[in-house]
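Before any comments, here is the structure.
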Amino acid sequence: MTTVLLLRHGRTTTNASGVLAGHQPVGLDDVGQAQARAVGDRLAAAKLPLAAVVSSPLPRCRETLSLALPDFSDISVDDGIVECRYGDWTGRPLKELAKEPLWATVQAHPSAAVFPGADGESMAVMSARAIAAIRGWDARLSESHGADAVWLACSHGDIIKAIVADALGMHLDLFQRIAVEPASVTVIRYTPLRSFVLRLNDTGGDLAPFVPKVDDEPTSDAAVGGGSGGSV
């Protein structure tokens, strides 16, 4: 019953200008920095006992965590949740990319999309590595910290959307229906039988319901599914 909070990084300079950042070392703009601090205020108010904090290696995620959790020094970096490798699309304006033939595939059949260039990645590979990373961390933390452990991972929009699609049992080709805004929190609880998406794209809700309750003794997955919080 381990619970993960998936935090998307705050708004960046490329988000604001409509450019596909990819693996470029972009930073947060003023809005993004304020968003990161606001997430930190929500986490502090909830007093969540985070068993671990995991980050994509890219600077925008590291900066988000430095502002949101300035006193949390033991942050693990995992390449498994790094942004998709967009290859030759990296650094190009989205309005320009929307005219490319591949754009329609990315939107309608992302499982078939492979980005051009020597370092281009397929969206299917991106999805598989991200899901494996999150589920791997979740299993390890459940074993080391107990089934009620709560942890946080800071990553990117497409990465979080792929993880949510997996948790909902959706095909990757449907993941573009999921919205994940900058600095939003999505909450997933994994159980031996199934996963539950407890929050989605939450940009202001109370996170206190996810504090583990020692005396909680759910007797089934149904009990877990009806627990903390609704969708936002």
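The values are calculated or read from the model by the stated rules, or taken from the named source; none is laboratory data. Worth saying up front: this structure is predicted, and the values here are computed from it rather than measured. All Cβ positions, even for glycine, are placed from backbone atoms using ideal geometry, and neighbour counts span all protein chains on display. Heavy atoms of the whole protein, side chains included, go into the accessibility calculation; ligands, DNA and RNA do not. Shrake-Rupley method; radii C 1.70, N 1.55, O 1.52, S 1.80 Å.
Observations
- Taking the C-alpha atoms of region 103-145, convex hull volume expressed per residue in Å³: 72 Å³
- Selection among THR105, THR90, CYS61 by position relative to the dipole of region 58-108 gives THR105 as farthest towards the positive end (Cβ unit charges, Cα centre).
- Excluding same-chain neighbours fewer than eight residues apart, the lysines reachable from LYS213 by a Cα-Cα span under 22 Å are LYS47.
- Accessible surface of region 53-175 [probe 1.4 Å, protein heavy atoms]: carbon and sulfur percent: 55 percent
- HN-Hα J in Hz across region 187-194 - Karplus 6.51, -1.76, 1.60, θ = phi - 60°, x for Gly and Pro: 10, 10, 10, 9, 10, x, 9, 7
- Gained length - ALA16 relative to VAL77, 0.36 nm times residue gap less alpha-carbon distance: 19.4 nm
- Across region 1-25, the residues whose backbone nitrogen lies under 17 Å from the label position 7 Å along the beta-carbon direction of ALA139 are 1-4.
- This model, with +1 at the C-beta of Lys and Arg and -1 at the C-beta of Asp and Glu, gives region 117-158 a dipole about its Cα centre of some 80 debye.
- Placing +1 on each Lys and Arg Cβ and -1 on each Asp and Glu Cβ, with no other charges, gives region 147-199 a dipole about its Cα centre of roughly 140 debye.
- Exposure rank, largest accessible area first [ARG8, ARG140; 1.4 Å]: ARG140, ARG8
- Net dipole in debye of the chain [+1 Lys, Arg Cβ; -1 Asp, Glu Cβ; about Cα centre; nearest 20]: 360 debye
- With protein chains left intact and a 1.4 Å probe, residues in the chain average 44 Å² of accessible area per residue.
- For region 71-81, backbone phi angles converted through the Karplus equation (6.51, -1.76, 1.60; θ = phi - 60°) give residue-by-residue couplings of 9, 9, 8, 8, 9, 8, 10, 10, 5, x, 10 Hz, Gly and Pro being listed as x.
- Adding -39500 (n - 2.57) for every DSSP H run of four residues or longer, then dividing by how many residues the chain holds, sets the calculated 222 nm ellipticity at -10500 deg cm²/dmol.
- Distance in nm between pseudo-label sites at MET170 and LEU50 (7 Å out along the Cβ direction from Cα): 2.6 nm
- Gyration tensor verdict on region 119-189 (Cα atoms; rounded if a/c is under 1.5, prolate if a/b is larger than b/c, oblate otherwise): prolate
- Annotation: aspartates and glutamates with alpha-carbon distance below 16 angstrom to LYS99 (same-chain offsets under eight excluded): ASP88.
- Sparsely packed chymotrypsin sites (Phe, Trp or Tyr not before Pro) within region 77-152, loop by DSSP, other Cβ within 10 Å at most 15: none
- Two-site FRET efficiency, ASP148 against LYS99, from Cβ-Cβ distance with R₀ of 41 Å, rounded to 0.05: 0.25
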